[in-house]
1. Taking region 30-67, which residues are of a type in the set (S, T, N, Q) and either modelled with pLDDT under 95 or in contact with a His (Cβ under 9 Å, 6 or more places away or on another chain) (or both)?
2. Please enumerate the residues belonging to region 153-168 that are at pLDDT 95 or above, part of a helix (DSSP H, G or I) and more than 13 Å from the chain's Cα centre (by Cα).
3. Residue 16 - would you say it is surrounded by fewer than 19 Cβ atoms within 10 Å (Cβ to Cβ), free of Cβ contacts under 8 Å to residues at least 24 places away in the same chain and outside any strand (DSSP E or B)?
4. Take the residues in region 140-152 that are of a type in the set (A, V, I, L, M, F, W, C), more than 10 Å from the chain's Cα centre (by Cα) and under 10 Å from residue 122 (Cα atoms); name whichever of them is surrounded by the fewest Cβ atoms within 10 Å (Cβ to Cβ).
5. Give 88, 25 a once-over and let me know the one that is hydroxyl-bearing (Ser, Thr, Tyr) and under 24 Å from residue 138 (Cβ atoms).
6. What are the residues in region 155-173 that are surrounded by fewer than 17 Cβ atoms within 10 Å (Cβ to Cβ), over 25 Å from residue 2 (Cβ atoms) and either aromatic (Phe, Trp, Tyr) or in contact with a strand residue (DSSP E or B) (Cβ under 8 Å, 6 or more places away or on another chain) (or both), if any?
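The values are calculated or read from the model by the stated rules, or taken from the named source; none is laboratory data. As the structure is a computational prediction, the values presented were derived from the model and not from experiment. Using ideal geometry, Cβ is built from the backbone for each residue, glycine included, and neighbour counts are taken over all protein chains shown.
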Amino acid sequence: MLDLKSLIRTIPDYPKPGILFRDITTLIEHPQGFKESVKRLTDAHRDLGITHVAGIEARGFIFGAGVAIEMGVGFIPIRKAGKLPGATIGQNYTLEYGVDTIEIHADVLNSTHKVLLIDDLIATGGTAVAAVSLMRRTGATVENAGFVIDLADLGGAEKLRVMGVSIVSLVAFEGH
């Protein structure tokens with residue numbers, strides 16, 4: 001079995017001193033590593049009745065679109081405010097120094113839909129928690145999320161579990 005963790009580069013002191021940045025570009029540049037990542041995320045969620053995969057801008061688009069194709073379902077981009085045309089609904093979330101907003105199209109989901117959330121990494125969970133809350137406001141069911149990387153020490157996956165979301169992550173790293 002391919003060791004995905006070995007394909008993820010660590011860049012120290014990026015974007016600021018003391019941070020160990022987990023860089024998935026080296027994983028997606030590796031054809032078999034990228035393919036295997038999408039396969040593992042798909043296989044973990046294949047028989048759950050998923051109707052849509054939602055990916056968080058921007059790296060969640062990379063993995064989420066692949067999973068949606070493999071599952072044969074639609075893909076929903078979760079974008080930063082002001083990036084989607086047409087009517088949208090948004091959800092604010094707190095950043096270290098302020099507030100940001102994510103959005104989806106207002107007419108994309110309803111109570112008949114079951115959505116799988118995909119992103120490259122779960123850290124503190126702020127964006128993922130906001131994404132789940134946003135999609136649930138439409139009436140959609142969001143009970144599952146998949147991440148390539150879990151930075152378990154930062155607690156984001158646990159925040160999603162408290163919301164009733166089952167988490168699958170392909171690799172875990174200690175620290176931040």
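1. 51
2. Result: 158, 159, 161, 162.
3. Considered against the rule, which asks whether it is surrounded by fewer than 19 Cβ atoms within 10 Å (Cβ to Cβ), free of Cβ contacts under 8 Å to residues at least 24 places away in the same chain and outside any strand (DSSP E or B), residue 16 comes out as yes.
4. Ranking the qualifying residues of region 140-152, first place goes to 152.
5. 88
6. Selection gives 161, 164.
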